[in-house]
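The values are calculated or read from the model by the stated rules, or taken from the named source; none is laboratory data. These numbers were taken from a predicted model, which means no experiment stands behind them. No Cβ is skipped: glycine too gets one built from the backbone with ideal geometry, and neighbour counts run over all protein chains shown.
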Amino acid sequence: MTKSKSDPTDGTPFEAVIGLEAHVQLKTRSKMFCGCENRFGAEPNTLVCPVCLGHPGSLPVVNRQAMEWAARVGLACGCEIARFTKFDRKNYYYPDLPKGYQISQYDLPICNGGEVEVHFANDSGVVRRKIGLVRIHLEEDAGKNIHAEARPESWVDLNRAGVPLLEIVSKPDMHTPEEAGAYLRMLRLIMLYLGVSDCNMEEGTLRCDVNISVRPRGSTHLETRTEIKNLNSFTHVENALQHEITRQMKIKARGEKIVQQTLLFDPEKGETRVMRGKEEAHDYRYFPEPDLAPWIFSEEWIESLRKSLPEMPAVRLQRFQGALGLSPYHADVLVRDVVMAEFFEEALETYDKAQSVANWVTNVVREESNARGISAKEIGISPARLAGLVRAIDEGKVSNQKARDVFKAMLGNTRAVAEVIGELGLEQISDDSFIRNAVKEVIGKHPGPVEDVKKGKENSINFLVGQVMRQSKGKANPGIVLKLVKEELGV
Ligand SMILES: [Zn+2]
């Protein structure tokens, strides 16, 4: 594989080894162990109760929806779903965790193994790789400390305390920041396809810790690693990795040792600083949560979940390229936007020329929705009407270029394609005898270029076609014009 320009180990004797722990907030209606609403952006400390505040005597209850969604994510990633799973207390103190412990899963997580298939483009084309998973477990989120600028005090908002959090732990299977970014983007896409999380990094519903070590290229053993906590954007993940891989390579090149540490990344300065020495599992004194019974998944339940899975991104990508014959580029653009992919598939029900429809959806529809900051389904043209427009182009009723004006005129109403084309006077002329007359006229007027064409100057053909197009006010079908110009000149 050709290494990309963004790979800091490129041209060095080192190889980076990267593992990711992604934290995904599930968008269940209520929290993981209580009935409090699970919602972002509410007034601080308004979505709380004795359970998520950890008041003495309060008892947690497992959110069945969260268990089901965790299992769905596991099934979508090919994990083994535990038939018997349990919760454990992870003990530590921090102001955003007033209970003094987090309910998590230690030795019996919901999902084991599995893999995520990622693809990304680099110098050598599209690279496909399978990144292995270690496990996926469910836990509760902590609250949020709020540090005000230029004021000495800090606050704690516990609205987030107790929100269901899926922790997805990858194997140390990645070697470049680019791969790690592609993996995280695919995880997000899987969650969006399953409808279990919005994975909005700005709102913190997808957060990520990365583990990094650097070893001599060709070596297979794992060396001392550092961990960077709480990265909250794809760019931060890639930048933090770049920085940390470079830092470790410099230390190793000096013959010094890497210290196992937990780091924080400062995106402003583009550097890391030490948060704490790395803690070990035994520091947390895990023990089984005494207030919750173990959870048993029945075979029937797991099977029914497996059957209800939607088509996942990697499978859809293959179908779009294979059965529908889309170019890799168009298939990729569509698969990465759930709503746009649905729009595309609905349009195909009206007109099944997949590549023609894909061209329009990924160009014109996408431009319109990006420009207005809304989804493809909100721009004011139904997939069926868009499909009708694409059909009109393919049938030569309007030129591809003029069709953009028709598209604009179709937004926000329900008028038929033919009606709009007629009203705008944009009907394309595909009538041979009409175009042939125009061609003859242009040939008569431009003896110079005609001579040039006969001498073999290709450009002069384009000039003559341009003249015919101009004479027809852009309405002549350019394909037919070209054909007839060549015919008339005998080339
Ligand atoms: Zn609560």
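Assorted remarks:
- Single residue of region 8-36 satisfying the filter (within 13 Å of the ligand (Cβ to nearest atom) and more than 27 Å from the chain's Cα centre (by Cα)) that is farthest from Q65 (Cα to Cα): C36
- Flag for D405 being out of contact with any Lys or Arg (no Cβ under 9 Å at 6 or more places or on another chain) and not assigned by TED's automatic domain parsing to the domain that holds I381: no
- Checked against the criterion of being in a loop (DSSP other than H, G, I, E, B) and either under 28 Å from E311 (Cα atoms) or of a type in the set (A, V, I, L, M) (or both), the candidates V73, V116, V48, V127 yield just one match: V48.
- Screening region 202-298 for strands (runs of 3 or more DSSP E) wholly inside it with 2 or more residues that are of a type in the set (A, V, I, L, M), crowded, with 17+ Cβ neighbours inside 10 Å and in the same structural domain as E167 (by TED's automatic domain parsing) returns the ranges 206-216, 226-231.
- Meets criteria (in contact with a helix residue (DSSP H, G or I) (Cβ under 9 Å, 6 or more places away or on another chain), of a type in the set (V, I, T) and over 25 Å from G100 (Cβ atoms)) for V61: no
- Region 417-442, residues that are modelled with pLDDT of 90 or more and in a loop (DSSP other than H, G, I, E, B): none
- Matching entry among P60, P98, P56, P44 (being without any contact (Cβ under 8 Å) to a residue 12 or more places away in the chain, within 16 Å of the ligand (Cβ to nearest atom) and either of a type outside the set (S, T, N, Q) or in contact with a strand residue (DSSP E or B) (Cβ under 8 Å, 6 or more places away or on another chain) (or both)): P56
- Residue among A376, A403, A354 that alone is in contact with a Gly (Cβ under 8 Å, 6 or more places away or on another chain), surrounded by 14 or more Cβ atoms within 10 Å (Cβ to Cβ), under 26 Å from P328 (Cα atoms) and not β-branched (V, I, T): A354
- Of all residue pairs spaced 6 or more apart or on separate chains, those with beta-carbon atoms under 9 Å, a first member in region 142-159 that is of a type in the set (D, E) and a second member that is surrounded by 10 or more Cβ atoms within 10 Å (Cβ to Cβ) are D157/P44; D157/N45; D157/D96; D157/G143; D157/K144; D157/N145; D157/I146.
- Listed by first and then second residue, the pairs with beta-carbon distance under 6 Å, at least 6 apart or on different chains, first residue in region 467-491 and farther than 17 Å from K397 by Cβ and in contact (Cβ under 8 Å) with a residue 40 or more places away in the chain, second among the basic types (K, R) and not in a strand (DSSP E or B), are L484/R436.
- Residue list for region 83-95, restricted to those being surrounded by 19 or more Cβ atoms within 10 Å (Cβ to Cβ) and either within 16 Å of the ligand (Cβ to nearest atom) or part of a loop (DSSP other than H, G, I, E, B) (or both): F87
- Residue among E139, E153, E80 that is buried (at least 18 other Cβ atoms within 10 Å of the Cβ) and not basic (K, R): E139
- Near pairs, Cβ below 7 angstrom, 6+ apart or cross-chain, from region 334-351 (in a helix (DSSP H, G or I)) to any residue that is charged (D, E, K, R) and surrounded by fewer than 17 Cβ atoms within 10 Å (Cβ to Cβ): V339/K377; F343/K377
- The lone exception for A121 - which of (1) at pLDDT 90 or above; (2) out of contact with any Ser or Thr (no Cβ under 9 Å at 6 or more places or on another chain); (3) part of a strand (DSSP E or B) it fails: (1)
- Among the conditions (1) within 16 Å of the ligand (Cβ to nearest atom); (2) at pLDDT 95 or above, the only one that C77 does not satisfy is (1).
- Region 56-94, subset of a type in the set (S, T, Y) and touching a Pro at 6+ places or on another chain (Cβ under 8 Å), residue nearest to F297 (Cα to Cα): T85
- Test: residue in region 144-155 that is among the charged types (D, E, K, R), part of a strand (DSSP E or B) and within 18 Å of N211 (Cβ to Cβ): no
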